[in-house]
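Just so it is clear, none of the values below were taken in a lab; they were calculated from the coordinates. Because the structure is predicted, anything quoted here is derived from the model rather than measured. Counting neighbours? That spans all protein chains shown, and the Cβs are built from the backbone with ideal geometry, glycine included.
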Amino acid sequence: MGVALKGDDSAILYIDPCLSDIAPSASTPRFPARLSAPVEPGDVTNATYVLCSHEHADHTDPLTLAR
């Protein structure tokens, strides 16, 4: 689960953005395949800051962060 917060000064903070289609794998067996994401990772171009709370695929999603 991720959230986006917008401040009074138009700064936008994304916390734990996970927008890719994370499919179950040996390292992430509990994650079901996502049916759809709210937006495509490449469509998020307004991030002032990104906070990843810890190093799990649903919090530090390399397919989202790379874009």
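Using beta carbons and a limit of 6 Å, which pairs, at least six apart or on different chains, have the first residue in the range 10-22 and at negative phi and touching a residue at least 12 places away in the same chain (Cβ under 8 Å) and the second one of a type in the set (F, W, Y) and surrounded by fewer than 19 Cβ atoms within 10 Å (Cβ to Cβ)?
These pairs meet every condition: L13/Y49; I22/F31.
Which pairs do you get when a residue that is closer than 9 Å to L13 by Cα, found in the range 36-52, comes within reach of a residue that is outside any helix (DSSP H, G or I) and aromatic (F, W, Y), reach meaning Cβ atoms under 8 angstrom, with the pair 6+ apart or on two chains?
As it stands, the answer is A47/Y14; Y49/Y14; V50/Y14; L51/Y14, since those pairs meet every condition given.
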